[in-house]
Amino acid sequence: MRTSDDIAVSMIHIPTWENEQKVVEITQPIPIEEWLQKSAGSGCQVEVLPYDSLIAGGRYDGGHVVMVHDHEEENTYMFALPPEAIPLLLGLLPDEQYAKLVDRTPTLAGMHAP
């Protein structure tokens, strides 16, 4: 398993994900720690998608797409996260959403929060 220094996420094109469930990156990958600081530190809200968001194939295979709203909820973004990033969302997501995301991640299914 990669260390958090090796885990990166990318902002993706929302219409392509919603219509085709394909990840089309619109930003260069950024380190997960930087993304966590920007997301949590700026008052953004991270949410699990209401439908299965599992990514099949490519750089983020086995990971998920999550939604991020800015603090005014005027802007919504989607990010592709590799499966190794999911445990790092503990505490950033409501417990129920975190558990749902873990259960939807094949490499993590059955893992319980500490």
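The numbers here are math on the coordinates, done by the rules we state, and not lab data. Remember, predicted model here, so these are calculated numbers, not experimental data. All Cβ positions, even for glycine, are placed from backbone atoms using ideal geometry, and neighbour counts span all protein chains on display.
Listed highest first by mean packing, meaning other Cβ atoms within 10 Å per residue, what order do 77-83, 102-108 come in? Before the final figure, lay out the partial values.
Numbers: 77-83: 22.0, 102-108: 15.6.
Highest mean packing first, the order is 77-83, 102-108.
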- Message: Using just the Cα positions, wrap the stretch 7-103 in a convex hull and report its mean projected area in square nanometres, one decimal place.
- Response: 5.7
- Message: Only four residue types carry charge here, +1 at the Cβ of Lys and Arg and -1 at the Cβ of Asp and Glu. Report the dipole size of the stretch 21-114 about the Cα centre in Debye, rounded to the nearest 20.
- Response: 320
- Item | Among Ser42, Ile30, Val102 the positive-end extreme of the charge dipole of the chain (Cβ point charges) | Val102
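Could you give the size of the charge dipole of the stretch 1-75 about its Cα centre, using +1 on the Cβ of each K and R and -1 on the Cβ of each D and E, expressed in debye and rounded to the nearest 20?
The calculated dipole for the stretch 1-75 is roughly 260 debye.
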- Message: Give me the one-decimal nm value for the distance between modelled label points at Val24 and His69, 7 Å along each residue's Cα-to-Cβ direction.
- Response: 2.6
- Query: In percent, how large is the relative contact order of the chain, given Cα pairs closer than 8 Å and 6 or more residues apart?
  - Reply: 24
